[in-house]
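Every read-out reported here was derived from the displayed coordinates using simple, explicitly stated rules and does not represent laboratory data. Note that the structure is a prediction, hence the values are computed from the model and not measured. Using ideal geometry, Cβ is built from the backbone for each residue, glycine included, and neighbour counts are taken over all protein chains shown.
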Amino acid sequence: MSPLKGHEMDKLLAMSNREITRLEAMQRIKDKRLTQKEAARILNLSVRQIKRLYRAYKAQGARGLVSRRRGKPSNNQLDAEIVQEVTDLIYKHYCDFGPTLAHEKLTEKHALQISRESVRRIMIAEGLWKPKHAKRPSPHQMRERRACFGELVQIDGSEHDWFEGRGPKCTLLVYIDDATGQLLELWFVPQETFFGYCAASRRYFERYGKPVAFYSDKHSIFRVNQEQTIGLGSGLTQFGRAMQELDIQIICANTPQAKGRIERANQTLQDRLVKELRLLGISDIDSANAFLPEFRLDFNRRFAVAPRSSHDAHRPLLKTENLDIILTRQKTAVLSKNLTVQANKIIYQIQSHRPDYALRKAQVTVCENAKGEVTILYKNKPLAYTIYHKSTRQAEVVDSKTLDSQIKLPKSPAPNHPWRQYGRHLDGKAIQEALPNGSD
């Protein structure tokens with residue numbers, strides 16, 4: 001039976017599904033086929049609310065159940081002036097920002113009291129943001145976070161145009177804690193190199209201490225990827241050797257998805273950090289590195305989570321762990337009979353008060369830091385040295401008979417040398433005109 005009867009049949013009402021359900025309940029109450037208590041249970045309303053609806057139904061019929069706010073503007077809608085101000089600021093400063101980041105800047109820098117969802121609706125209406133569909137379930141099984149802060153730290157280098165053409169492209173070294181999602185270190189370097197990671201790691205160690213393990217990709221900085229070279233030495237890279245001396249384990253992920261936490265962090269940084277650098281007008285590595293501690297603290301305040309355990313797994317640096325020596329590029333060498341050792345095409349002469357035979361054929365470690373400064377260690381103690389320079393060639397004394405053989409004349413140009421081709425494309429008349437005063 002239709003819910004509209006008698007005088008209501010000649011009028012059409014716009015009703016929602018919920019209002020139609022309430023109308024049917026009121027008709028059943030009127031026909032005494034349903035009690036008000038049962039109707040309250042079915043409609044998930046209080047008995048008092050059912051009585052109010054039934055009074056409206058008896059007085060106005062189905063129209064009494066229709067919301068009086070339908071077709072009228074919401075009481076919570078934004079003022080047109082605020083919407084216009086927000087729109088102007090977005091177009092002026094935050095045109096390519098996401099709704100979340102744009103909302104943060106509007107509330108923090110411009111003191112606008114507006115919700116994030118309102119900013120999102122405004123950007124969608126202006127065509128500045130495209131709504132995203134729900135993500136499909138990931139085919140990769142999610143790995144649970146580690147329990148303790150400092151138990152596992154993911155590290156990676158993100159090469160990107162961080163200054164958007166205002167400066168050279170560079171790489172951001174990222175250290176993120178697996179348990180909390182905190183950014184433990186950020187450091188801009190020209191390229192992803194061993195010494196770049198040494199500089200970033202040193203800052204991290206001095207701030208927090210030593211983590212239990214680093215989780216990285218298979219970059220050659222962390223892992224020897226050529227099997228034929230593993231048997232030729234220790235099987236460790238320079239960074240691996242340094243971390244082994246500090247008792248820090250290095251774990252290499254088999255796929256990028258396995259270290260998805262830092263991959264997602266890199267995507268967030270390539271969005272947020274790039275825009276922060278643009279707003280501040282930063283366009284060089286030194287200025288960017290000076291700003292990174294402030295950015296890192298703000299990022300952690302917004303996105304870090306509490307670990308399952310309150311235990312801090314970081315360990316302090318020992319007094320015997322000299323980072324100035326450990327974080328260097330090292331190689332072993334053997335001293336010659338003359339107490340010399342060669343590295344990087346430079347011969348170093350050892351200076352010692354011991355007898356020469358005491359250090360002959362001794363095995364030493366040549367350590368080179370990022371500045372090119374060299375330290376030579378013997379039994380973990382530095383040796384004094386001087387750089388051996390070859391003597392310059394002295395002037396030779398020759399007689400007049402051998403003088404010509406000692407002088408090396410420059411070789412004449414080849415027949416097809418461009419020098420021999422000069423002027424061939426000019427005819428005789430052109431050459432005469434080219435000569436001054438028409439001389440021959």
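Across region 317-326, computed HN-Hα scalar couplings (Karplus, 6.51 cos²θ - 1.76 cosθ + 1.60, θ = phi - 60°) run 5, 7, 5, 7, 8, 8, 5, 4, 9, 5 Hz from first to last residue, x flagging Gly and Pro. For region 6-65, the square roots of the Cα gyration tensor eigenvalues, ordered a ≥ b ≥ c, give a/c of at least 1.5 with a/b greater than b/c, which places it in the prolate category.
Shape call for region 80-125 from the C-alpha gyration tensor, a ≥ b ≥ c root eigenvalues: rounded (a/c under 1.5), prolate (a/b greater than b/c) or oblate? Mind showing how you got there, number by number?
Working: a/c = 1.13, a/b = 1.01, b/c = 1.12.
Rounded is the answer for region 80-125, as its axis ratio a/c remains below 1.5.
Remark: for residue pairs Lys337/Lys379; Lys218/Lys345; Lys361/Lys381; Lys105/Lys275; Lys30/Lys51, the C-alpha separation exceeds 21 Å in Lys218/Lys345.
Measuring from a point 7 Å past the Cα of Asn344 along Cα-to-C-beta, which residues in region 263-289 have an amide N at less than 17 Å? In region 263-289, the label zone of Asn344 (backbone N under 17 Å from the point 7 Å along Cα→Cβ) covers no residue. Rounded, prolate or oblate: which one fits region 153-303, using the alpha carbon gyration tensor with axes a ≥ b ≥ c (rounded when a/c is under 1.5, else prolate when a/b beats b/c, else oblate)? Because a/c hits 1.5 or more and a/b exceeds b/c, region 153-303 counts as prolate.
Tell me the net charge near Arg261. Cut-off is 9 Å between Cβ atoms, Arg261 excluded, with +1 for each Lys or Arg and -1 for each Asp or Glu.
Neighbourhood net charge equals +2.
Annotation: amide H of Tyr388 within the under-5 Å range of Ile347, Tyr348, Gln349, sequence separation 5 or more or interchain, hydrogens built in the peptide plane.
Using the average count of surrounding beta-carbon atoms within 10 Å as a protection proxy, the listed peptides 150-160, 293-303 rank, highest first, as 150-160, 293-303. Between the amide H of Glu185 and those of Tyr175, distances stay under 5 Å, these residues lying 5 or more places away or on another chain, with hydrogens modeled in the peptide plane.
Express the C-alpha Rg of region 328-388 as a ratio against the empirical globular expectation 2.2 N^0.38 Å, rounded to two decimals.
Numbers: Rg = 10.8 Å, N = 61, 2.2 N^0.38 = 10.5 Å.
Taking the Cα Rg and dividing by 2.2 N^0.38 Å, one obtains 1.02.
Residue ranges 163-172, 189-198 sort as 189-198, 163-172 when ordered by packing (mean number of other C-beta atoms within 10 Å per residue, highest first).
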